[in-house]
1. When a/c is below 1.5 the answer is rounded, else prolate if a/b is larger than b/c, else oblate, so apply that to the range 258-325 with a ≥ b ≥ c taken from the square roots of the Cα gyration tensor eigenvalues.
2. Could you pull out every residue, at least 5 positions away or on a different chain, whose amide H is within less than 5 Å of the one on His69? Hs are placed 1.01 Å off N in the peptide plane, and Pro or chain starts have none.
3. Given charges of +1 on the Cβ of Lys and Arg and -1 on the Cβ of Asp and Glu, with all other atoms neutral, how large is the dipole of the range 40-199 about its Cα centre, in debye to the nearest 20?
4. Rounded to the nearest 0.05, what FRET efficiency do Asp186 and Arg132 give with R0 = 56 Å and r taken as the Cβ-Cβ distance? Could you check?
5. Is the range 130-181 best put as rounded, prolate or oblate by its Cα gyration tensor, with a ≥ b ≥ c the root eigenvalues, rounded for a/c under 1.5, and otherwise prolate when a/b is larger than b/c, oblate when not?
6. How much of the accessible area of the chain, probe 1.4 Å, is carbon plus sulfur, in whole percent?
7. Let me know the shape class of the range 72-219, please: from the alpha-carbon gyration tensor, a ≥ b ≥ c as square roots of the eigenvalues, rounded when a/c is under 1.5, otherwise prolate if a/b is greater than b/c, or oblate.
8. Rounded to whole Hz and in sequence order, give me ³J(HN,Hα) for the range 293-299 from the Karplus expression 6.51 cos²θ - 1.76 cosθ + 1.60, θ = phi - 60°, writing x for Gly and Pro.
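The values are calculated or read from the model by the stated rules, or taken from the named source; none is laboratory data. Keep in mind the model is a prediction, meaning the values are calculated, not measured. All Cβ positions, glycine included, derive from the backbone under ideal geometry; neighbour counts span all protein chains shown. These accessible areas exclude ligands, DNA and RNA; they are computed on the full protein's heavy atoms, side chains included. Shrake-Rupley method; radii C 1.70, N 1.55, O 1.52, S 1.80 Å.
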Amino acid sequence: MTSTPADVGSRGAPRGVAGTTPATPPGGRRRRTLSSSQWAAVGFAAPLLVYLVLFYAYPLWRNIDLSVHDYTIRAFVQGDAEFVGLQNYADVFSSSTFPTALWNTAVFTFGSIAFQFTIGLALAVFFRSSFRLSSTLRAMFLVPWLLPLIVSASTWAWMLNSENGIVNSVITAFGGEQINWLTSPDTALLSVTIANIWLGIPFNLVILYSGLQNIPGEVYEAASLDGAGPWRQFWSITFPLLRPVSAITILLGLIYTLKVVDVIWVMTTGGPGDASTTLAIWSYREAFGTGQPDFSPAAAVGNLLIVIALVFGFLHLRLQHRQEASS
């Protein structure tokens with residue numbers, strides 16, 4: 001029986017003949033090649049991946065490594081740090097400084113965020129109505145945000161100085177008594193919180209003002225025709241429609257405030273005693289603030305701050321997902 005050309009092709013043609021199926025590699029899998037668009041995607045993603053690895057993944061891994069070893073200056077030089085497991089975390093939680101630092105962090109963070117957001121929202125609503133000096137005043141409110149934090153903190157330290165500060169000068173001029181703002185345990189935390197509130201208001205103003213621009217003016221016009229006053233419009237229109245922007249503003253403010261070091265360090269260095277010591281200040285002081293650096297406990301406190309920030313971040317994502325599911 002004579003074989004036809006079709007039969008020959010079906011049984012298996014020689015490699016390289018047009019119209020035949022390429023032979024399968026010895027490994028049993030066909031090698032895949034990336035298309036030009038896929039190579040372009042890899043090229044665009046590569047710088048971001050390198051950045052994330054170098055400035056996020058590696059520092060995080062290094063911080064975890066520091067916290068589970070007993071690193072000293074000698075250990076850094078010789079590279080023979082002893083592995084201690086979770087002992088550094090146990091020392092942090094059992095330290096007498098931990099409850100004070102945790103409480104100060106909560107007061108400093110939530111107090112700052114509450115006033116920053118409230119004042120920033122009030123200013124954003126105020127500037128939403130256009131008037132002659134609106135843009136000029138908005139630019140002036142950005143000055144605290146543009147100044148270096150060291151300059152701002154030094155200015156507040158001078159203003160709140162007990163002897164020759166301008167705040168005490170005004171108080172005594174009206175018959176009040178001198179207040180030791182930065183050297184008294186009763187007022188040190190309040191002083192650094194006030195300074196941080198002042199620094200954070202411009203950020204809240206800018207973000208919330210941008211969010212207000214996305215609310216259609218027709219909604220307010222319709223509410224006015226229905227007889228709704230300014231307060232009713234705020235609670236029924238502005239506040240609900242601004243909720244997504246408000247949530248991300250509060251989250252970013254919380255993450256930023258948790259890690260504030262420079263303002264507190266310049267003004268009080270965490271003192272007097274531990275009166276204004278937060279977790280961030282405690283970590284910085286252990287690592288760099290004394291003549292004998294203790295890097296491992298500092299890394300443990302830093303990792304605790306990271307965990308707190310992640311908890312609030314995941315909480316925000318969960319609430320956002322629930323809100324999207326209900327809408």
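1. Because a/c hits 1.5 or more and a/b exceeds b/c, the range 258-325 counts as prolate.
2. Residues meeting the amide H criterion: Val84.
3. 880
4. That pair, Asp186 with Arg132, gives E of 0.80.
5. Because a/c hits 1.5 or more and a/b fails to exceed b/c, the range 130-181 counts as oblate.
6. 66
7. Here the range 72-219 falls in the oblate category.
8. Computed from phi, the couplings for the range 293-299 are x, 10, 6, 5, x, 4, 5 Hz.
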